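See below for the structure under consideration.
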Amino acid sequence: MLAYTLKRSLVALMILIVVSALTFSLSHLATDPALTIAGENANQEDIEAIRKMYGFDRPVHVQYISWATRALAGDFGVSYHYREPVSDMIAGRIGTTMTLGCSAILFALIISIPLGTVAAIRPNSFIDRVALFFAVIGQALPTFWFALMMIIVLGVWWRWLPISGNTSWQHFVMPTIALGYYATPALMRLTRAGMIEVLASDYIRTARAKGLRPWKVLFKHALRNAIIPVVSLAAVWFGFMLGGSIVIETIFNLKGIGWLSYDALLRSDLPVVQAIVLIFASFYVVLTLVADLLNAYLDPRISVR
Amino acid sequence: MSQPAGTAGRLPPLSASEILDEVLEPSPFVKLRRRIFRNYSFLIGTVIILAILGVALAAPLLAPHDPYEQDLSARLHNPFWHEKKFDEEHLLGTDKVGRDYLSRLIYGSQVSLLIGFTSMLISGFIGTALGVSAGYFGGRVDMVVNFIINTRLAMPVFLVAMSAVVVFGASLTVVILVLGLFLWDRFAVVMRSITMQARDLDYVNAARALGCSTPYIIVREIFPNVLSSLTVIATVEMANAILLEAALSFLGFGVQAPTPSWGLMLNEAREYMFFSPWLLALPGACLFVLVLAINLFGDGLRDVTRDQGR
């Protein structure tokens, strides 16, 4: 188990190094950041001065190493546009994105686990078919269009919910639904498949034969085992959701780091974009690492491979 | 159990076609045809996809107007279900610069299908090459490919795609290339595991024992095994690419104006959300129907090809 943990952590670290090197070189090889900072009316001398000041005249790998060592200490440089430290800009906004991400994944789990369980109790029944129908519809619905339609119906026509900003909990309702529903089909199908398999197993028959109440068999014995893979998939989805938050935060004008990355891209503010790519990638890597280790702990066969 | 005592043990009467099946084993083709015609999601998906493909190919004939032609005197005309400010020239109304909305929607299908299909071809090629080689060779190759897959999964696709568009400039080609170079992960993961299973099949071992070359074995013995899964993932990834293109264009980091892309039309319609919501509803509904059809086709295809031998 210890060897497995060390091996997986090492791979995770290598992945982060490669991802950060790729994004860094993409932005530094293909564009000239000095031009972006100097603005349109700058003359050649100014651009040269900026290039020297920021150290853009050094070889790319030297720039990368100095950027990466400072990033490790939490210093992502200064925004080209706002002239503020990037880490401050992110720290002030990451809470909004985390709130949105957590509530979206909770929303998805609250919908998909009961629906998947009910569908698994009677496969091919009416409820199962209804659940499948919604899964198929949900997978085809473009997230951003669904968000816009919600704004029109719930926000503009019925005036139930505020349509932009992040000052109260009501502001998070529509973004949560818009971001969360997209994960429900996958999570529901996995719950259903897991429950069908578990319900057919011997220990469930034993529990039933002992005369336990059906709900107790279902929740205490079956669901507990079927839910393990669902939770690790949810962890992975949480990572994807941070990426999806860019569109949702932009539509609802929710000023988290998804919105920040959109704003930074509009202004070619590369230090901000690089920092956010690295943060999203780290989240994904850490979440999958935790999910893998959790699975290995629960099922020791995995770590022996 | 419900049968009367006298008939217990006797078989229920067979229909004519069932008797025929008993006497003559139906050919594999007949079996496949039956599976196809019993699979509604496959049928519905196929019909809608063919319809949209037909619209895209015949766009110049079907579109009542030039999708680029502006007419500032006919801005924001309403579609046919509105009584006022509707003229029969524009069945689905006009956008903010007076372009015929129906024509733009029709031409929009070309953009979605083109981007979805070509980027799926690129990502399918990359993913299959990586997955098949990892699964066939195993060992070091597998380790390296696994690392590449995990690295790709760790990159936030949408954000990196947006950055790439900023760096290389927004155009149809850049969007296709970026999506093609990013969406190969599922191909690689699935191809790898299927190839691993196929590698040790008896006839593959036989081919190896006969001294066939590795490329020959991969193309002639392994590839037919992965083909049906490959098509299913291709549908998923095509749908995925279409949705991502729409989202990129919606944020202004995709196809550029005045191209009639459904995502871009949503972007242009955003400011008219309050007074002309149909400008938003229509392109999104088109996207939804196309993606739904592709998904239904993919689901159906998986069921149809599931128990097909090879």
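The values are calculated or read from the model by the stated rules, or taken from the named source; none is laboratory data. Everything quoted here is computed from the prediction, not taken from an experiment. Counting neighbours? That spans all protein chains shown, and the Cβs are built from the backbone with ideal geometry, glycine included.
Which ones in the range B:218-231 are of a type in the set (A, V, I, L, M) and either modelled with pLDDT under 90 or over 25 Å from B:T128 (Cβ atoms) (or both)?
Going residue by residue through the range B:218-231, those that are of a type in the set (A, V, I, L, M) are B:218-219, B:222, B:226-227, B:230.
Across the range B:218-231, the qualifying residues are B:I218, B:V219, B:I222, B:V226, B:L227.
Can you work out which of the residues in the range B:149-184 that are crowded, with 23+ Cβ neighbours inside 10 Å and not in a helix (DSSP H, G or I) is farthest from the chain's Cα centre (by Cα)?
Looking at the filtered set, the residue picked out is B:P156.
Can you name every residue in the range A:277-305 that is β-branched (V, I, T) and closer than 16 Å to B:T151 by Cα? Walk me through how you get there before you give the answer.
Residues of the range A:277-305 β-branched (V, I, T): A:277, A:279, A:285-286, A:288, A:290, A:302, A:304.
Passing the criteria: A:V277, A:I279, A:V285, A:V286, A:T288.
Could you go through the range B:283-300 and let me know if any residue there is within 22 Å of the chain's Cα centre (by Cα), facing another protein chain (nearest Cβ under 8 Å) and at pLDDT below 90.
Taking every residue of the range B:283-300 in turn, at least one turns out to be within 22 Å of the chain's Cα centre (by Cα), facing another protein chain (nearest Cβ under 8 Å) and at pLDDT below 90.
With the requirement that a residue be exposed (fewer than 15 other Cβ atoms within 10 Å of the Cβ) and among the polar types (S, T, N, Q), what does the range B:71-109 give you?
Within the range B:71-109, just B:S73 meets the criteria.
Of A:L265, A:L260, A:L254, which residue is more than 10 Å from chain B (Cβ to nearest Cβ) and either assigned to a helix (DSSP H, G or I) or touching a Cys at 6+ places or on another chain (Cβ under 6 Å) (or both)?
Values: A:L265 fails: more than 10 Å from chain B (Cβ to nearest Cβ); A:L254 fails: either assigned to a helix (DSSP H, G or I) or touching a Cys at 6+ places or on another chain (Cβ under 6 Å) (or both).
When all the criteria are applied, what remains is A:L260.
What's the number of the condition B:M265 fails, among (1) part of a helix (DSSP H, G or I); (2) at pLDDT below 90; (3) more than 9 Å from every other protein chain (Cβ to nearest Cβ); (4) under 30 Å from B:H77 (Cα atoms)?
Failed condition: (2).
Just checking, how many residues over the range A:240-286 are closer than 13 Å to B:P156 by Cβ and either among the small types (G, A, S) or touching a residue at least 24 places away in the same chain (Cβ under 8 Å) (or both)?
Step one: list which residues in the range A:240-286 are closer than 13 Å to B:P156 by Cβ, which gives A:240-247, A:257-258, A:261-262, A:265, A:273-285.
Among the residues that remain, those that are also either among the small types (G, A, S) or touching a residue at least 24 places away in the same chain (Cβ under 8 Å) (or both) are: A:240-245, A:247, A:257-258, A:261, A:273-285.
Number of matching residues: 23.
Which residues, taken from the range A:33-47, are surrounded by 14 or more Cβ atoms within 10 Å (Cβ to Cβ) and either in contact (Cβ under 8 Å) with a residue 60 or more places away in the chain or among the charged types (D, E, K, R) (or both)? Spell out the reasoning first.
Here is the first cut: in the range A:33-47, the residues surrounded by 14 or more Cβ atoms within 10 Å (Cβ to Cβ) are A:33-38, A:42, A:46-47.
Within the range A:33-47, A:P33, A:T36, A:D46 qualify.
Looking at A:T176, A:T191, A:T206, A:T184, which is the one that is of a type in the set (S, T, Y) and touching a Phe, Trp or Tyr at 6+ places or on another chain (Cβ under 6 Å)? Walk me through how you get there before you give the answer.
Details: A:T191 fails: touching a Phe, Trp or Tyr at 6+ places or on another chain (Cβ under 6 Å); A:T206 fails: touching a Phe, Trp or Tyr at 6+ places or on another chain (Cβ under 6 Å); A:T184 fails: touching a Phe, Trp or Tyr at 6+ places or on another chain (Cβ under 6 Å).
A:T176 is the lone residue from the list that is of a type in the set (S, T, Y) and touching a Phe, Trp or Tyr at 6+ places or on another chain (Cβ under 6 Å).
Could you grab me the full set of residues in the range A:159-189 that are among the hydrophobic types (A, V, I, L, M, F, W, C), under 19 Å from the mean Cα position of the chain (by Cα) and more than 17 Å from A:C102 (Cβ to Cβ)? Give the derivation first.
Step one: filter the range A:159-189 for residues among the hydrophobic types (A, V, I, L, M, F, W, C), giving A:160-161, A:163, A:169, A:172-174, A:177-179, A:183, A:186-188.
Pick out the ones that are also under 19 Å from the mean Cα position of the chain (by Cα) and you get A:172-174, A:177-179, A:183, A:186-188.
Those that are among the hydrophobic types (A, V, I, L, M, F, W, C), under 19 Å from the mean Cα position of the chain (by Cα) and more than 17 Å from A:C102 (Cβ to Cβ): A:A186, A:M188.
Can you tell me how many residues in the range B:23-45 are at pLDDT 80 or above, over 17 Å from B:V232 (Cβ atoms) and hydroxyl-bearing (S, T, Y)?
Result for the range B:23-45: 1.
Please work out which residue is farthest from the other protein chains (Cβ to nearest Cβ), limiting yourself to the range A:122-158 and to residues that are more than 28 Å from the chain's Cα centre (by Cα), without any contact (Cβ under 8 Å) to a residue 24 or more places away in the chain and not in a helix (DSSP H, G or I).
Among those residues, the one meeting the criterion is A:R122.
Please specify each residue of the range B:228-278 satisfying the condition of being under 17 Å from the mean Cα position of the chain (by Cα) and of a type in the set (V, I, T).
B:T231, B:V232, B:I233, B:T235, B:V236, B:I242
Could you check B:R192 against (1) out of contact with any Phe, Trp or Tyr (no Cβ under 8 Å at 6 or more places or on another chain); (2) surrounded by fewer than 21 Cβ atoms within 10 Å (Cβ to Cβ); (3) basic (K, R) and say which number it fails?
So the condition that B:R192 fails would be (2).
Output the residue which, of all residues in the range B:270-282 that are facing chain A (nearest Cβ under 9 Å) and of a type outside the set (D, E, K, R), is surrounded by the fewest Cβ atoms within 10 Å (Cβ to Cβ).
Taking the range B:270-282 first, the residues facing chain A (nearest Cβ under 9 Å) are B:270, B:273-274, B:277, B:280-281.
Applying the additional criterion that residues be of a type outside the set (D, E, K, R) yields B:273-274, B:277, B:280-281.
Numbers: B:M273: 16, B:F274: 11, B:P277: 18, B:L280: 22, B:A281: 17.
Out of the qualifying residues, it is B:F274.
Looking at the range B:9-36 only, could you name the residues that are loosely packed, with under 11 Cβ neighbours inside 10 Å and either closer than 30 Å to B:A239 by Cβ or touching a Ser or Thr at 6+ places or on another chain (Cβ under 9 Å) (or both)?
Across the range B:9-36, the qualifying residues are B:P28, B:F29.
Residues of the range A:11-24 being among the aliphatic types (A, V, I, L, M) and either within 11 Å of another protein chain (Cβ to nearest Cβ) or surrounded by 14 or more Cβ atoms within 10 Å (Cβ to Cβ) (or both), which ones?
From the range A:11-24, those among the aliphatic types (A, V, I, L, M) are A:11-19, A:21-22; that's our starting set.
Matches in the range A:11-24: A:V11, A:A12, A:M14, A:I15, A:L16, A:I17, A:V18, A:V19, A:A21, A:L22.
What number goes with the only condition from (1) more than 12 Å from chain A (Cβ to nearest Cβ); (2) touching a Leu at 6+ places or on another chain (Cβ under 6 Å) that B:M238 does not pass?
(2)
Residues in the range B:38-61 that are β-branched (V, I, T) and loosely packed, with under 12 Cβ neighbours inside 10 Å: how many? If you could, list the steps in order and put the result at the bottom.
Quick first cut of the range B:38-61, residues β-branched (V, I, T) only: B:44, B:46-49, B:52, B:55.
Right, trim to loosely packed, with under 12 Cβ neighbours inside 10 Å and you get none.
Going through the range B:38-61 one residue at a time, the tally reaches 0.
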